[in-house]
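Written out below as structure tokens is the structure these notes cover.
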Amino acid sequence: MFPTVREVLALDPVRNGGPRVVAAEESLDRPVRWVHVTEVPDIASLLRGGELVLTTGIGLPADDAGVRAFIADLAEVGVSGLVVELGRRYHGGVPKVMVAAAHRRGLPLVELRRETRFVLITEAVHALIVDAQLAELRATEEIHQRFTELSVEGAEATEVVRQAAELAGAPVVLENLSRRVLAYHAAGENPRLLLDGWEQHSRRIQPTGRTAYHADTGWLVTMVGARGQDWGRLLLRCPAAGPSGSGVLGVFGGSGGSGGSGGSGGPPLRWSILLERAASTLALGRLIRRDAEGLERQIHRTLLTALLDGSQPVDEVAMRARALGVGLDRRHLVGVAVRFRDAGSDAEPGAATEVGGVGPAVAVPSAVSAETVQARLRDLAETVGLALRETGLTGLASPLDEHAVGVLLAVRDATAADPALNGLLAALHRLRRSEPVPVVVAAGSGVDGVREARRTLVEARQVAEAGRRDRRADQVLRLPDVGLAGLLHLLREEPRLQVFVERELGALLAYEARHPRQRMLATLRAYLELGRNKSAAAAAMHLSRPAFYERLTRLGQILGVDLDSVQACLSLHVAVLALDEVRPRPPA
């Protein structure tokens, strides 16, 4: 916010006086808070520090001890510099004892070799200070306005970090307490140079205080959190020469020490304001979303989504994953999808449905609210993440869609894939043993590069969808395991399959639409899935055998087929399975 002694010496009124620095030139970057003119030796008691003192020297002590005491008093109070006009008291130059004392104290000492109107200097410097203060206020207002808008909009962490970096014109990094990068913006610099070895670099950045500058590394750091619970750090790298002018905060130029955060050589105060305001926006956003996904899980979801839809370059996704602690380069990658098993929507409402093939029957509701589905999916994502940590596996994990949690598992090589998948399955069973609704765990074919990750993720999701009613809870499903259901799932968009379904079941679906309470489709499904065992099917439908036989007769009339024919039932069973892919049943 304040000009430096060096900048003051560059002003025209000072340059016209022929300035020459005779001591402590290395301290010319001290900020000048005010200009004070004096001709008395005991002025130090009236100063507060940061003043540039102007004098002709006519009232200064004549003896060497007095001169040394005068310089010592000025240095002690913290003035930014002393400017002496030659010609009235001193002619050839200031006394050597004054130069030596100023040099020893590190106090910039400047001679003006020509007569100068001090009033012009004070006017120029004070105008510069006032202009800088106004610019500071405008920049601060811009900061508050920008981050208020982000808070209202509920901006994601990546957007908050991007805005902070653009305002500062410098790199900004958001990390968690384990030094994993959650979001970053390189502000035009090479991201690889910024993020390579980040954890080790970050652990060397240990400033004191909640918001503080670490001079050894050049990073300004503030904690991120609320209600006494910190969950991360926000870091801004300050260029050694201060703001470069590329961001809103860089419009003032000058050195990193001008208007610093309280210490010599520190970053400008406005940078601390920026970083703290960004941190509060991040903390508020997390509080607002405290019942939603954790921030790290959001980053996982962003990266998985980017791999699936190609919204970000693959190399950037790999780099961001590595910064998050998930190395994908030179690893064998396996896509995994975990979803709740579909117990079917055609069971009687409130009826007990046996899940998992073992243990007592469990009542699974035929319909649940969207909020409940999302909450269950978030819980499942957290369980999958916990299973990864417990088994020591590395991977990205997050909900893929409204039905499945996806994992991109990174293992050493292809031989490590099966043990890793079995370990993940066992951990999931252990963590979910008290949960009523079992899950299906499916895996895609492994790949040896990030660029092929999309293929294994898509295959895993397709296998999970095709096997969503598979009762084999003790294995990870692969594409060969889902058989006909997998084939039908892959062909679900094929018009000829849809024509086949309509040809086989069209009459029954039309009848069902007119008479939904008769549940004729559920009757046909039970009959086919139980191997045409009429007694078992009647029991599954909670009907007496005569009532069930009557329904079967009615079904045969509607469909125009003989339900005792193996060939006809095979065709109908394929059509029913295809119907589940063409028109999926609602999730349990």
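Some notes on this structure:
- Highlighted here are the helices (runs of 4 or more DSSP H) found entirely within the stretch 414-491 that include at least 2 residues which are modelled with pLDDT of 80 or more and open to solvent by less than 30 Å² (accessible area, probe 1.4 Å): 417-431, 453-466.
- Just so you know, in the stretch 398-409 the residues that are more than 15 Å from ARG454 (Cβ to Cβ) and touching a strand residue (DSSP E or B) at 6+ places or on another chain (Cβ under 6 Å) include one that is modelled with the highest pLDDT, and it is VAL405.
- Residue in the stretch 312-322 that is touching a strand residue (DSSP E or B) at 6+ places or on another chain (Cβ under 7 Å) and at pLDDT below 90 present: yes
- Going through (1) without any contact (Cβ under 8 Å) to a residue 40 or more places away in the chain; (2) assigned to a helix (DSSP H, G or I) one by one, LEU524 falls short only on (1).
The rows are residues; the columns are (1) in contact with a strand residue (DSSP E or B) (Cβ under 8 Å, 6 or more places away or on another chain); (2) open to solvent by 40 Å² or more (accessible area, probe 1.4 Å); (3) within 26 Å of GLU493 (Cα to Cα); (4) of a type in the set (S, T, N, Q).
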| residue | (1), (2), (3), (4) |
| --- | --- |
| ARG503 | no, yes, yes, no |
| GLY531 | no, yes, no, no |
| ALA568 | no, no, yes, no |
| VAL574 | no, no, yes, no |
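- Residue list for the stretch 193-212, filter: at positive phi and open to solvent by less than 50 Å² (accessible area, probe 1.4 Å): GLY197
- Against the test of being at pLDDT 85 or above, touching a Ser or Thr at 6+ places or on another chain (Cβ under 7 Å) and either outside any loop (DSSP other than H, G, I, E, B) or not aliphatic (A, V, I, L, M) (or both), the options VAL84, VAL99 yield a single qualifying residue, VAL84.
- Residue within the stretch 213-223 that is open to solvent by 20 Å² or more (accessible area, probe 1.4 Å), hydrophobic (A, V, I, L, M, F, W, C) and at pLDDT 90 or above present: yes
- Condition check for TYR184 on (1) modelled with pLDDT of 90 or more; (2) open to solvent by less than 10 Å² (accessible area, probe 1.4 Å); (3) under 15 Å from the mean Cα position of the chain (by Cα); (4) not acidic (Asp, Glu): one failure, at (2).
- Within the stretch 127-154, considering residues that are open to solvent by less than 70 Å² (accessible area, probe 1.4 Å) and either acidic (Asp, Glu) or in contact with a His (Cβ under 8 Å, 6 or more places away or on another chain) (or both), the one nearest to ASP12 (Cα to Cα): GLU136
- Residue match in the stretch 74-81 (condition: closer than 17 Å to PRO95 by Cα and not polar (S, T, N, Q)): yes
- Count - residues of the stretch 83-98 that are in contact (Cβ under 8 Å) with a residue 60 or more places away in the chain and either exposed (fewer than 13 other Cβ atoms within 10 Å of the Cβ) or under 55 Å from the mean Cα position of the chain (by Cα) (or both): 1
The values are calculated or read from the model by the stated rules, or taken from the named source; none is laboratory data. Predicted model, so just to flag it, every value in this text is computed and none were measured. Cβ sites come from the backbone with ideal geometry, for glycine too, and all protein chains shown count toward neighbours. Calculation scope for accessible area: heavy atoms of the full protein, side chains included, ligands and nucleic acids excluded. Shrake-Rupley method; radii C 1.70, N 1.55, O 1.52, S 1.80 Å.
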